[in-house]
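The values are calculated or read from the model by the stated rules, or taken from the named source; none is laboratory data. For clarity, every value in this text was computed on a predicted model and none was experimentally measured. In this analysis, Cβ positions are derived from the backbone assuming ideal geometry, glycine residues included, and neighbour counts consider all displayed protein chains.
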Ligand SMILES: C[S@@+](CC[C@H](N)C(=O)[O-])C[C@H]1O[C@@H](n2cnc3c(N)ncnc32)[C@H](O)[C@@H]1O
């Protein structure tokens, strides 16, 4: 089991921890009520026009493809580029069935570049795992066409004592024990707990997005136990 600081793993170690957890990832998130529905809600909140016809979308930190599937459902006609730094997570994603319009890229998001601009970016459970979220938000702004939407789908509990208590109870009562049973290693799941408890509150994350150049920044939460815990943060590139 790895050693963690108050903020979780060193961010350079995170993709490697996902390699370890990759084979169990889909089973674990499948047992989390609302996980897939909430990704679909965030993708719909991007309000992608005309089923994505003629549009290009980026799924940043696509993992095993759960967020890619949510984007595909919201925009079945779009071209989707899905990027992740974990070879193990991408192997799980690529083993699923996808239309030719979906392409997976193995790369740290920090190094990802593309010749064309994107008409929307979904970053689900990624931003809190990065060493420099502000720099990445600026890179996202540069990757988007003016007026295109960034949706950051994230856990954020710092603004609410009850959200913090529920998050800690769910992590230590369910997620960490389930991770131990499935992978014999709790590092990734303790990182999850700590990376969320040390991450921005909703107001601070909105300020980060605005400071990176996004306009119309706002957030909406989910229903279920994730109410006030999982949010979609939305903003438009200028
Ligand atoms: C919690 S998973 C979320 C996966 C997917 N978006 C979902 O909603 O199920 C976070 C993903 O971010 C990836 N990740 C973490 N740091 C990254 C980085 N610097 N560049 C690219 N991917 C990264 C991890 O490998 C992992 O697959």
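General observations
- Filter pass, residue 63 being in contact with a strand residue (DSSP E or B) (Cβ under 8 Å, 6 or more places away or on another chain) and on the phi > 0 side of the Ramachandran plot: yes
- Filtered residue count, the stretch 101-112, keeping only those that are assigned to a loop (DSSP other than H, G, I, E, B) and more than 11 Å from the ligand (Cβ to nearest atom): 1
- Of all residue pairs spaced 6 or more apart or on separate chains, those with beta-carbon atoms under 8 Å, a first member in the stretch 18-46 that is under 24 Å from residue 75 (Cα atoms) and without any contact (Cβ under 8 Å) to a residue 24 or more places away in the chain and a second member that is near the ligand (Cβ under 9 Å from one of its atoms) and assigned to a helix (DSSP H, G or I) are 30/36.
- Every listed requirement among (1) buried (at least 16 other Cβ atoms within 10 Å of the Cβ); (2) within 13 Å of the ligand (Cβ to nearest atom); (3) at pLDDT 95 or above; (4) not in a helix (DSSP H, G or I) is met by residue 98 save one, (2).
- When each of 227, 191, 218 is tested for being at negative phi, in contact with a helix residue (DSSP H, G or I) (Cβ under 9 Å, 6 or more places away or on another chain) and in contact (Cβ under 8 Å) with a residue 60 or more places away in the chain, the lone residue that passes is 191.
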